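Read the figures in this text as sums done on the coordinates, not as results from a lab. Quick caveat: nothing in here was measured; it's all calculated off a predicted structure. Positions of Cβ are generated from backbone atoms using ideal geometry, with glycine treated the same way; all protein chains shown enter the neighbour counts.
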């Protein structure tokens, strides 16, 4: 018994037990889909990082010594004037006091509660920088403004150098595996209350805490906005393409039943509902819909030609079983290349799509035929106009096949010459550039402060009370002075600044004493005085260890690309190696350092994944078609779309980001689908002893229209993905859509020409 007969027997079994097939499928789907309840809430940027990633481990070590690095920041900007106005300072005072009630808050820093040191004789007092706002005169405000501009620990930390923007920084001690929803909800509630009370003052929410929470809020917003809209689009599109209510219903059921167990599997595996995973259902939907379109269009065409309903669907299974299996397999293998990267969120999305692709195949050859046989389907499927067009196109390609190959080759050569202009880089600061609230705050903070993120450096002395050693503080000061000269750094704060400030104030406020004393005992006394003088929560616990063996530098960095950040980090490490001995540090750490290194390492992994996926797919196609010739021919229409796609990219940018790489790995398995369908039909035509021209006509008749409408569905899915608030999903959707359309044109124009020139002929 040959393979085709086995497929026919399989199809008959499905139709003979159609009710059992439907009920079995429903029960299985319900069981697997129940895993949806275990789908975890996004853990922010931490869900994008593997636990053993070096730069993430650096953050964890910092947090173990000094507490959580996550900071929630309020941004205050009056519509007119600077922050040294009574109403503005009243708002900051109110919000500073309220911020202590923020869930999981451990420290609140603002210009109003900044610990300002004053000395009267031998007495030292440390108190809030601004008190009794109602009693301040214009002269007081002017004096405070000038005084604040001289305070290094105020400028670029709680106030911009221009004095136009104020910040309130809230350090959060978040329990492990707890999302940022509670503190962020509290912050936004405060924002709304105060903006209503002070309508002339803008209040924004920023910081690493808001950045992390954006992953959750964007995922929720995308799911609620995109899923219903896209489902409606698919319903309309499916009906317009198939012209059959029942067939459209079957297609809809198959794609929904492909999505639910895929997400259920994600829940069973403990995946997080990060923004990339939110894109998975749309990708699965388009893949499953493409399968359904191929199956249903041929079945409806057969019914138009006089076949019975059961014979029509059996014939469709015989024609489509192998290509649909191969396309599901290659799609899964292609996107599985994302596992070569080191970003868990994308690996989880890839594995979910791979599972969905498998479900799509299984349901397309079991549930779909069973439903097709059970439901009352009448074919209103009209494709005569399209068939006429495709016949003319086939004849045109046969007549001018060499010209098609030459013209497309010349276009590819030209576009290929543009590709060296592209370079690999990334910019994590753009992740939420499609979130209006985030962009609004970012547009205020970045020009004034560089960013709302902090970077840290842990400097160890290797001995208790080592930070009171003048030599240690000299090195801190030297390191700080070098850092502030770097383009990537906005400002730096260290415990040495506290010592210098106290030393100056204890010596009559003279600037010449703004330096580190050379007396260890005096330095120890300064630290003791400071710790006993400040209120609870305002001490130096977040900047030095309890035994005073090490301290943490606080560095506000400017937003930078991955290449710029990696270069900066290398310069830092080199300076440390040459200048910081005998003291010990692992260098700078934090989100602005980790995310660019994550991209750099991820790029190398994805390039390896791309090589694996592409090689494996071509191998599978060649083996399945049992022809080295067809395997080689299949390479061309699967390479050209990417060359042309990146050529189009050069019109908009020179930067190839991680999102573009992800788009390639998602689409690499999709673009081969049409190629597989076309080649399998060409082989079948050749086995029927049809001539080359007739074989191409046969292909266009049976797969031309399904390829077109399947590509339209895929294109629609990815275009819809561009509505995502997550910028990476926007890029992925746009890039995949471009590649899908190019691939369709190549499969309809170049592939037939190549087969006519290089394929087997009878």
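Things to note:
- Here segment 454-589 is described by how far its Cα atoms reach on the three principal axes: 45, 30, 30 Å, from widest to narrowest.
- Distance in nm between pseudo-label sites at residue 689 and residue 16 (7 Å out along the Cβ direction from Cα): 3.3
- The C-alpha atoms of the chain define a longest principal axis, and helix 436-449 lies at about 40 degrees to it.
- In this calculation the C-beta distance from residue 443 to residue 31 is compared with R0 = 45 Å, giving a FRET efficiency of 0.40.
- Taking other C-beta atoms within 10 angstrom as a stand-in for reagent exposure, 208, 308, 493 fall in the order 308, 493, 208, fewest first.
- Whole-Å semi-axes of the chain's equivalent ellipsoid (Cα gyration tensor): 63, 26, 22
- Subtracting the Cα-Cα distance of residue 541 and residue 224 from 0.36 nm times their residue separation leaves 109.9 nm of extension gain.
- The stretch between residue 137 and residue 570 holds 150.9 nm of extra length on full extension. This uses 0.36 nm per residue minus the Cα-Cα distance.
- Remark on segment 66-217: ratio of C-alpha radius of gyration to 2.2 N^0.38 Å is 1.07.
- Segment 304-402 shape via C-alpha gyration tensor axes, a/c threshold 1.5: oblate
- The relative contact order of the chain comes to 19 percent, based on Cα pairs under 8 Å that sit 6 or more residues apart.
- Beta bridges per DSSP with both ends in segment 66-217, % antiparallel, nearest 5: 95
- Antiparallel %, DSSP beta bridges [both residues in the chain], to 5: 90
- Annotation: peptides 234-245, 621-632, 677-688, ranked by per-residue average of other Cβ atoms within 10 Å with the highest first, follow the order 677-688, 234-245, 621-632.
- Here the peptides 105-113, 587-595, 161-169, 419-427 are ranked by packing, the mean other Cβ count within 10 Å, and the order with the highest first is 587-595, 105-113, 161-169, 419-427.
- Across segment 454-589, the mean sequence separation of Cα contacts (distance under 8 Å, 6 or more residues apart), normalised by length, yields a relative contact order of 44 percent.
- 0 to 90° range, to nearest 10: angle between helix 309-336 axis and the chain longest Cα axis: 30
- Model label sites at residue 608 and residue 233, defined 7 Å from Cα along the beta-carbon direction, differ in position by 3.6 nm.
- Helix 3-16 vs. the chain, principal-axis angle (Cα, 0 to 90°, nearest 10): 80
- Each peptide in 361-373, 640-652 receives the mean, over its residues, of other Cβ atoms within 10 Å, and ordering these scores from highest gives 361-373, 640-652.
- With each label modelled as a point 7 angstrom along the Cα→C-beta vector, the residue 584-residue 406 pair spans 7.2 nm.
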